[in-house]
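Read the structure below first, then the notes.
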Amino acid sequence: MFLIPLGVYILVLFGYPLYYSVSMSFKNLNQITLINGNANFVGFQNYIQAWSSSIIWRSFLNTIQFTVVSIIMQFVIGLLVALLFNRRFPLNRVLRSLILVPWLIPQIVSGAIFNWMFSSTNGVVNQILLDLHIVSTPVNWLLHPESALIVMMITNIWIGVPFNMVLLYSGLQDIPREIYEAAAIDGARGVRSFFYVTLPNLKVIIGIVLMLGLIYTLKVFDIVMSLTQGGPANMTQLLSSWSYTLSFTNLNFGQGAAVANGLIVISLVFTAIYLWINRKTAD
Amino acid sequence: MEGKVTKTVYLSLAIIVCAFMLFPLYWTIVSSLKNNTQLFAFPQTFFPPTPQWNVYSQAFGSQWPHLVVSLVVSLGTVVLSLLISLPAAYALAQFKLKITVVFVLILLIVQMIPSISLANALFLIFHNLHLLNSYQGLILADSTYAVPFDVLILRAFIESIPRELIEAGFVDGAGNWLALIRIVTPISKSAIITAALFSFLFAWGDFLYALTVTTTNSIQPITLSIYQYIGSHSTEWNSLMATAVLASIPAGLLLIFTQRYINAGISTSGIK
């Protein structure tokens, strides 16, 4: 009886939209049929059209690049910071919680902040690069696809480091001190103890952090919208933002759903891997 | 164990890391306090030469309706999510049924679904149900972030309550509802606060649903207002940055007053 509200909730707000999304993707829902209500079943036409355009492949490659680079950097930086905070020193707690702020503020705010910092005319990043003589003229960060993608990744890494850090830190705290002491007797100290003790003991947590990072990064949407809106010329779209553009800008909800459903499939594959790593949770 | 020198080295490193991570926020505040000439001066100063505090009263004056919308939607999301999650979490923790595993698995999976995939469908569904541009619609949409998380975190906590404690409630003749209200809820206070906090932050930070399930300006959360600010290509970066600061205040307050709950929340979201 206690489960009824949740059951209904899942059916109404997850089950039905998912079913609806699948059914949308097989109909020619566009700006005309949305109004007159004459959307017909068109089979796989939306999938074929949506997944054969040149923009979708750009978005797909962008999504891969954005995801892989973000995750590796978030993880490496997060792990280094976690290792640092795993040591004892004054103000540890205060500083550790301050680092969480980037993760807690709305992503659209982070996007706005980085948009301003990387502004071509008066962004502080250009200012610093000019002062250090790394560049001789201001860089138009957000006007070129390659550099715009870099800014998107930097923003996302900034947001993700705290999350990685907290999870890895709690994993490090769970490793019993005795294991390090025993390893030290066997001659494993410093860097060697990191590779022979720390990493093997963090294996499960590392798997979880990487998979969650992957799934969350596939969802990223706010960062694209607040930095480039997919531009210039759709060159910085991710699958999520491209699905949005198809549906809500081009009013082609059929194709938008076809892209979104592809994204769901990709997420589910990694969700399966995540669940397999984290098998205990469901018991 | 570690010497004073090593500790100082660690502390300095940690301060550098923090400075690096917090610089964008520092820069946001500095920029908000500059006037237009100072914003576009070259070279830029790293502190506001003549702090323009009135920008905050102006930003608040123009943004307060959006802040109110965000507050109402976020609080609504907290209430709705807890009402659904708490009884469900109690049942999933208390009764070992086959269906428990199925529910937990479904929750873990739906948590991973990209929101844009739901948003496409929700827009048309809400359109048919006349839920676009309404508080109810936004609260329902935003609760999809919170409900799976809340159930999982509350269940993990309730499971850790000794069974005898809950069963003691039954001796007095109380049913499951009374046991939930009288015994489980007070004990789970910290987990409930964590769940509420995260639900609030999820809804407060939501931009995707704010963008998709509203079509007019009648109900506009602060995140949407910021987005339109960026889109308008205005050069009033100081007021935009002031608005960014205003939108970040809840996160800051929650962090200061409830830091231990937030740490618990992040840890639980990854591993039980």
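Taking the listed residues B:A244, B:A210, B:A179, the one that is touching a helix residue (DSSP H, G or I) at 6+ places or on another chain (Cβ under 9 Å), of a type in the set (A, V, I, L, M, F, W, C) and either outside the structural domain of B:V73 (by TED's automatic domain parsing) or more than 22 Å from B:L75 (Cα to Cα) (or both) is B:A179, with no other qualifying. Candidates A:L142, A:L149, A:L168: the one that is closer than 20 Å to A:T63 by Cβ and either assigned to a loop (DSSP other than H, G, I, E, B) or at pLDDT below 95 (or both) is A:L142. The condition of being within 30 Å of A:L29 (Cα to Cα) and either among the basic types (K, R) or within 18 Å of the chain's Cα centre (by Cα) (or both) holds for only one of B:A146, B:A141, B:A191, that being B:A141. Scoring B:T50 on the criteria (1) in contact (Cβ under 8 Å) with a residue 24 or more places away in the chain; (2) out of contact with any Phe, Trp or Tyr (no Cβ under 7 Å at 6 or more places or on another chain); (3) among the β-branched types (V, I, T) leaves a single failure, condition (1). For region A:167-177, a residue qualifies if it is buried (at least 17 other Cβ atoms within 10 Å of the Cβ) and over 12 Å from A:N86 (Cβ atoms), and exactly one does: A:L167.
Of all the listed residues (A:L91, A:L104), the sole one being within 30 Å of B:L80 (Cα to Cα) and at pLDDT below 95 is A:L104. For the condition more than 10 Å from chain A (Cβ to nearest Cβ), open to solvent by 30 Å² or more (accessible area, probe 1.4 Å) and either at pLDDT 85 or above or over 23 Å from A:G213 (Cα atoms) (or both), what is the one hit in B:I166, B:I181, B:I161? Checking each option against the conditions leaves just B:I181.
Filtering A:L80, A:L130 for residues that are more than 29 Å from B:M241 (Cβ to Cβ) and surrounded by fewer than 18 Cβ atoms within 10 Å (Cβ to Cβ) leaves a single hit, A:L80. When region A:43-63 is filtered for residues that are polar (S, T, N, Q), buried (at least 19 other Cβ atoms within 10 Å of the Cβ) and within 15 Å of A:N234 (Cβ to Cβ), the ones remaining, listed by number, are A:S59, A:N62, A:T63. Output yes when any residue across region A:178-201 is of a type in the set (A, V, I, L, M), touching a residue at least 40 places away in the same chain (Cβ under 8 Å) and open to solvent by 60 Å² or more (accessible area, probe 1.4 Å), and no when none is. Within region A:178-201 (the criterion being of a type in the set (A, V, I, L, M), touching a residue at least 40 places away in the same chain (Cβ under 8 Å) and open to solvent by 60 Å² or more (accessible area, probe 1.4 Å)), the answer is no, since none of the residues qualifies. Do we have any residue at all in region A:17-26 that's surrounded by fewer than 16 Cβ atoms within 10 Å (Cβ to Cβ), free of Cβ contacts under 8 Å to residues at least 60 places away in the same chain and within 14 Å of A:A258 (Cβ to Cβ)? There is at least one residue in region A:17-26 that is surrounded by fewer than 16 Cβ atoms within 10 Å (Cβ to Cβ), free of Cβ contacts under 8 Å to residues at least 60 places away in the same chain and within 14 Å of A:A258 (Cβ to Cβ). Counting the residues of region B:240-267 that are at pLDDT 90 or above and more than 10 Å from chain A (Cβ to nearest Cβ) gives 1.
Considering (1) part of a helix (DSSP H, G or I); (2) under 30 Å from B:V69 (Cβ atoms); (3) among the aliphatic types (A, V, I, L, M), say which one B:L132 fails and leave the rest. Condition not satisfied by B:L132: (1).
Scanning region A:140-162 for residues that are open to solvent by 40 Å² or more (accessible area, probe 1.4 Å) and in contact with a helix residue (DSSP H, G or I) (Cβ under 6 Å, 6 or more places away or on another chain) yields no hits at all. Residues in region B:93-138 that are closer than 24 Å to A:L3 by Cα, within 23 Å of the chain's Cα centre (by Cα) and open to solvent by 70 Å² or more (accessible area, probe 1.4 Å): 1 in all.
Considering only region A:197-213, I want to know if a residue exists there that is in a loop (DSSP other than H, G, I, E, B), more than 10 Å from chain B (Cβ to nearest Cβ) and farther than 30 Å from B:Q228 by Cβ. No, that holds for no residue. The residues of region A:98-113 that are more than 7 Å from chain B (Cβ to nearest Cβ) and open to solvent by less than 10 Å² (accessible area, probe 1.4 Å), listed by number, are A:S110, A:G111.
If you take the residues in region A:241-255 that are at the interface with another protein chain (Cβ under 9 Å from one of its Cβ atoms) and free of Cβ contacts under 8 Å to residues at least 40 places away in the same chain, which one is surrounded by the most Cβ atoms within 10 Å (Cβ to Cβ)? Applying the filter and picking the extreme gives A:S243.
If you check B:A14, B:A121, B:A93, B:A59, which single one turns out to be touching a helix residue (DSSP H, G or I) at 6+ places or on another chain (Cβ under 7 Å), touching a residue at least 60 places away in the same chain (Cβ under 8 Å) and within 11 Å of chain A (Cβ to nearest Cβ)? None of the other options fit; the residue is B:A93. Among the residues making up region B:184-214, a single one is open to solvent by 10 Å² or more (accessible area, probe 1.4 Å), under 18 Å from B:S117 (Cα atoms) and among the β-branched types (V, I, T): B:T214. Out of curiosity, is A:N278 touching a helix residue (DSSP H, G or I) at 6+ places or on another chain (Cβ under 6 Å) and more than 10 Å from every other protein chain (Cβ to nearest Cβ)? The answer is no for A:N278.
The values are calculated or read from the model by the stated rules, or taken from the named source; none is laboratory data. This one's a predicted model, so the numbers in the text were calculated from it and none came from an experiment. We place every Cβ from the backbone using ideal geometry, glycine too, and count neighbours over all the protein chains shown. Ligands, DNA and RNA are excluded from the accessible area calculation, which covers all protein heavy atoms including side chains. Shrake-Rupley method; radii C 1.70, N 1.55, O 1.52, S 1.80 Å.
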